[in-house]
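One structure is given here, and the rest of the page talks about it.
The values are calculated or read from the model by the stated rules, or taken from the named source; none is laboratory data. Only a predicted model underlies this, so the values are computations on that prediction, with no experimental measurement involved. All Cβ positions, glycine included, derive from the backbone under ideal geometry; neighbour counts span all protein chains shown.
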Ligand code: SF4
């Protein structure tokens, strides 16, 4: 019998349609990991509140859309557990208990804390919940006793904090939690169609839900090497957005395109047509799966319900271990 290599936990906030940057940054990797690991993928709706507690009207729809994106991308509910954070109340209980044991200085020195306070100046996030969200994150991971967490390099300090929270708990009480290790995700980086970072706030994204025609239209709008006026002008692929996309969607022809562009032997219109073909070919199965999902109005609810049941069993068992270790299982 095939034995999976361990337990993985990862989540995303329900903040709207995923774009290709999100797909290549994490989701593509999740789809591979579900075959080899016992995976728990959760919609982090409580985390969405840490920076967006004032307007909760979109969360419900965003949860649905996020899971549609996941299934379209290839997550298979028969291979992994897909669940909703707020449905498993045990996360909140463990968060509370970790809040008791985590020194304030650990949270205050967390690098993203000050960064985000500066970046999100238009929101009032000088709240207890925002400061304490690494404790909630630690609860999310440790409640499944996850041995591995897929992360980008920028998230390593957060995972280290989770490991410290686990270590401190184990030291004060008894060995309940493993110290999860990082599975470093080598994210393929895609710029937005205007060449800046791909971001909804710049309105320069290609959404995972875009139709093939949308993709073709957006490729036409991509910025290229501004120094290239005529077809036979030598180009600089390094500064061209289209070329960055070729590197991801058309690896086999990258060297040839680079040479032709530098030698002025290919026009940008033809180069874009080639890219649009490769992209629509790659994205077609994702688009098709989405059409199938959309035909079944209750499917997403059923998937989350089943994932919740599995997740809850594990979380409840862990909380029994935690209460016993802390000697607070008196009732
Ligand atoms: S030929 Fe292709 S790689 Fe070169 S500048 Fe035009 S679109 Fe970019």
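Just a few scattered comments:
- The numbered conditions (1) under 17 Å from residue 10 (Cα atoms); (2) out of contact with any helix residue (DSSP H, G or I) (no Cβ under 6 Å at 6 or more places or on another chain); (3) surrounded by fewer than 18 Cβ atoms within 10 Å (Cβ to Cβ) are all true for residue 157 except (2).
- Listing of helices (runs of 4 or more DSSP H) fully contained in region 225-327 that carry 3 or more residues being touching a helix residue (DSSP H, G or I) at 6+ places or on another chain (Cβ under 8 Å) and within 30 Å of residue 144 (Cα to Cα): 268-294, 299-326
- Whichever residue in region 240-261 is more than 8 Å from the ligand (Cβ to nearest atom) and farther than 21 Å from residue 28 by Cβ and, among such residues, is nearest to the chain's Cα centre (by Cα): 255
- Each residue in region 202-224 was checked for being in a loop (DSSP other than H, G, I, E, B) and more than 15 Å from the ligand (Cβ to nearest atom), and 8 of them qualify.
- Residue within region 84-106 that is under 30 Å from residue 283 (Cα atoms) and in the same structural domain as residue 149 (by TED's automatic domain parsing) present: yes
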